[in-house]
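S.K.: Structure provided below as structure tokens; questions to follow.
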Amino acid sequence: MMRNWSVALALSLGGLIGLPASLRGEEPPLRERIAGALRRATDGFRKEVATEGGYLWRYTADLSFREGERPATATMVWVQPPGTPSVGLAYLRAFEATGDPFYRDAAREVAMALVKGQLRSGGWDYLIEFDPKLRARYAYRVDPGPGGKQNVSTLDDNTTQEALRFLMRVDRVLEFQDQAIHEAVEYALGRLIGIQYPNGAWPQRFTDPLDPAKFPVKKASYPDSWSRTYPGKDYKAFYTLNDNAISDTIDVLLEASRVYHDPKYEASAKKGGDFFLLAQMPEPQPAWAQQYDADMHPAWARKFEPPSITGLESQSAIRTLLEIYRETGDAKYLEPIPRALAYLRKSRLPEGRMARFYELKTNTPLYFTKDYQLTESDADMPTHYGFKVGNGLDNIGKLYEQLRTRGPEKQTAEPTNSGARSRSNKPNSEQAEAVANALDSRGLWLTEGRLKTQPPENPSRRQIDTGTFLKNVQILCRYLESSRP
């Protein structure tokens, strides 16, 4: 009898040993707790925060008020980062780190929200509306009927590009078998190529291709004169480097070439690079402007964006030329870089940063006062815009020398996530554990503060911030990758 009891006990203990630590009444190992936190956070964001699979930028803790770049309703989601596609990329990141199809399914849910928000013009607006009555204002590609009048896709602020980048990566993860997602990608890529100007540039916003005869291929040049006061002209058809619109578009097309192995995508990206060659200004300022008119003169955009040479987008133009060279091996994309770097280095501000704007020909740094008067003084600048920007010239110069010396390096398809990963970047266990422990009972991370557009009568001082979600998911994923057995 005693022997039978001993055998039963041994079998029972053996069964317990095979159970997860949490079911044995023990605290699970840290890796198990981190994996559980990542799943709870994803589940909480999907169930508590999502609208039709999409997301905004910030929410009050009780979800009573929400916003993207501006106040939003419960039927809106935001495309412009860090909105819906950014969250989708985080879910793909989690799928890559864990292999758990739960995260792949979460990413597909986000992808379908973007499919429903794709415009007939081919890209995306800053937001997607899901209220049936309000959707009727928009020309959404998947909706029946003639569609509404709002059909303007935007390349501003990486909006259409990030949506397309995410959809391409989901398409690849799903092995190109989801017809709705695959068709949305093909349609968007086709429209991007279709609205490209003869000189290789893109407009900031688009509906249909414009008359190519109105946009002759020319090299950039200085205007005979330019107005110091804002003329208020429509600039959406201008060749636009501002906020990296063209650089982000080229980046997406290069990735499309890697994912789909179709030469037309690389050809379009190279044509975009050819525009950067044409758009480089002649001496004494061999860099780039934020935007150009059809005569290839630097031009006004918004009331605080004058015709000028830009210290920010010029750096992005060089990085893009380096990336095109890396992908194609065509040395013509390296040719403009040495003189551009030499000019930009001479243009550094005394504190080492760059001015966003340099006056044409004189190279005097330009700023604006808070009431938007053009000035050479930085004493009274608006705070909503970067009139002084970072200086990445040393890193750009090193990359140029590396590529010039080693030659091009054809890239493989991108990982599913959008952020570069490094083992040296891995979080320590305390950081990952702190992030995991910070989840509330709903599986959400709360931060202190009020929303930027929150009305005074709303008392909430805690918020759900999408940027925080993205950052914390990265921390948990890096820990899981670095701690694999």
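The values are calculated or read from the model by the stated rules, or taken from the named source; none is laboratory data. Keep in mind that this is a model prediction, so the values were computed, not measured. Glycine gets a Cβ as well: all are built from the backbone with ideal geometry, and neighbour counts include every protein chain shown.
S.K.: So, in region 191-211, of the ones that are aliphatic (A, V, I, L, M) and assigned to a helix (DSSP H, G or I), which residue ends up surrounded by the fewest Cβ atoms within 10 Å (Cβ to Cβ)? Explain how you work it out, then say what you get.
M.R.: Initial filter on region 191-211 (aliphatic (A, V, I, L, M)): 192-193, 195, 201, 210.
Restricting the remaining residues to those that are assigned to a helix (DSSP H, G or I) gives 192-193.
Values: L192: 25, I193: 18.
Out of the qualifying residues, it is I193.
S.K.: Now a separate question. Considering only region 181-190, I want to know if a residue exists there that is under 30 Å from A220 (Cα atoms), surrounded by fewer than 23 Cβ atoms within 10 Å (Cβ to Cβ) and small (G, A, S).
M.R.: Within region 181-190, one or more residues are under 30 Å from A220 (Cα atoms), surrounded by fewer than 23 Cβ atoms within 10 Å (Cβ to Cβ) and small (G, A, S).
S.K.: Is it the case that region 378-396 has a residue that's closer than 16 Å to A287 by Cα, in a loop (DSSP other than H, G, I, E, B) and among the hydroxyl-bearing types (S, T, Y)?
M.R.: No.
S.K.: Which residue, of G352, G392, is modelled with pLDDT of 95 or more, surrounded by 14 or more Cβ atoms within 10 Å (Cβ to Cβ) and small (G, A, S)?
M.R.: Testing whether each residue is modelled with pLDDT of 95 or more, surrounded by 14 or more Cβ atoms within 10 Å (Cβ to Cβ) and small (G, A, S) leaves just G392.
S.K.: Tell me, please, whether a residue that is touching a Ser or Thr at 6+ places or on another chain (Cβ under 7 Å) and either among the hydroxyl-bearing types (S, T, Y) or in a helix (DSSP H, G or I) (or both) can be found in region 212-220.
M.R.: Checking region 212-220: not a single residue is touching a Ser or Thr at 6+ places or on another chain (Cβ under 7 Å) and either among the hydroxyl-bearing types (S, T, Y) or in a helix (DSSP H, G or I) (or both).
S.K.: While we're on this one: Please find, among A256, A294, A267, A317, the residue that is among the small types (G, A, S) and part of a loop (DSSP other than H, G, I, E, B). Give the derivation first.
M.R.: Numbers: A256 fails: part of a loop (DSSP other than H, G, I, E, B); A267 fails: part of a loop (DSSP other than H, G, I, E, B); A317 fails: part of a loop (DSSP other than H, G, I, E, B).
Of A256, A294, A267, A317, the one residue that is among the small types (G, A, S) and part of a loop (DSSP other than H, G, I, E, B) is A294.
S.K.: Okay, next question. Any residue at all in region 454-464 that's touching a strand residue (DSSP E or B) at 6+ places or on another chain (Cβ under 9 Å), of a type in the set (A, V, I, L, M) and at pLDDT 95 or above?
M.R.: Yes, region 454-464 has at least one match.
S.K.: Just to check your reading of the model, which residue among T75, T98 is under 20 Å from L480 (Cα atoms) and of a type outside the set (G, A, S)? Full working, then the answer.
M.R.: Working: T75 fails: under 20 Å from L480 (Cα atoms).
From the options T75, T98, the qualifying one is T98.
S.K.: So, one more: Checking L366 against (1) more than 26 Å from the chain's Cα centre (by Cα); (2) surrounded by fewer than 17 Cβ atoms within 10 Å (Cβ to Cβ), which test does it fail?
M.R.: (2)
S.K.: For region 124-152, give me each residue that is over 10 Å from V79 (Cβ atoms) and among the hydroxyl-bearing types (S, T, Y).
M.R.: Y138, Y140, listed by residue number.
S.K.: Kindly list the number of the only condition in (1) polar (S, T, N, Q); (2) in a loop (DSSP other than H, G, I, E, B); (3) closer than 15 Å to G44 by Cα that fails for Q454.
M.R.: Here Q454 clears every test but (3).
S.K.: In region 297-314, how many residues are acidic (D, E) and part of a helix (DSSP H, G or I)?
M.R.: 1
S.K.: Go through region 212-227 and give me each residue that's surrounded by 12 or more Cβ atoms within 10 Å (Cβ to Cβ) and of a type in the set (D, E, K, R).
M.R.: K218, K219 - these are the residues of region 212-227 that are surrounded by 12 or more Cβ atoms within 10 Å (Cβ to Cβ) and of a type in the set (D, E, K, R).
S.K.: Which of the helices (runs of 4 or more DSSP H) found entirely inside region 1-116 contain at least 3 residues meeting this: farther than 23 Å from V185 by Cβ and at pLDDT below 95?
M.R.: 2-17
S.K.: Moving to a separate point now. Would you be able to tell me the number of residues in region 136-164 that are surrounded by fewer than 22 Cβ atoms within 10 Å (Cβ to Cβ) and either in the same structural domain as D248 (by TED's automatic domain parsing) or in contact (Cβ under 8 Å) with a residue 40 or more places away in the chain (or both)?
M.R.: Count: 5.
S.K.: If the Cβ limit is 6 Å and pairs must be 6+ apart or interchain, which residue in region 323-345 that is assigned by TED's automatic domain parsing to the domain that holds P286 and over 21 Å from A355 (Cα atoms) pairs with which residue that is at pLDDT 95 or above and of a type in the set (G, A, S)?
M.R.: Close Cβ pairs (under 6 Å, with a partner that is at pLDDT 95 or above and of a type in the set (G, A, S)) amount to I324/G273; Y333/G273.
S.K.: Can you name the residue in region 282-308 that is farther than 23 Å from D251 by Cβ and touching a strand residue (DSSP E or B) at 6+ places or on another chain (Cβ under 7 Å) and, of all such residues, is surrounded by the fewest Cβ atoms within 10 Å (Cβ to Cβ)?
M.R.: Step by step, filter region 282-308, then rank; the result is F304.
S.K.: Do we have any residue at all in region 244-263 that's exposed (fewer than 14 other Cβ atoms within 10 Å of the Cβ) and touching a residue at least 60 places away in the same chain (Cβ under 8 Å)?
M.R.: No; the residues of region 244-263 include none that is exposed (fewer than 14 other Cβ atoms within 10 Å of the Cβ) and touching a residue at least 60 places away in the same chain (Cβ under 8 Å).
S.K.: Go through region 470-485 residue by residue and tally those that are under 9 Å from I34 (Cβ atoms) and polar (S, T, N, Q).
M.R.: Matching residues across region 470-485 total 1.
S.K.: Being without any contact (Cβ under 8 Å) to a residue 24 or more places away in the chain and of a type in the set (V, I, T) is the filter here, so list the residues in region 434-478 that pass it.
M.R.: T447, T468
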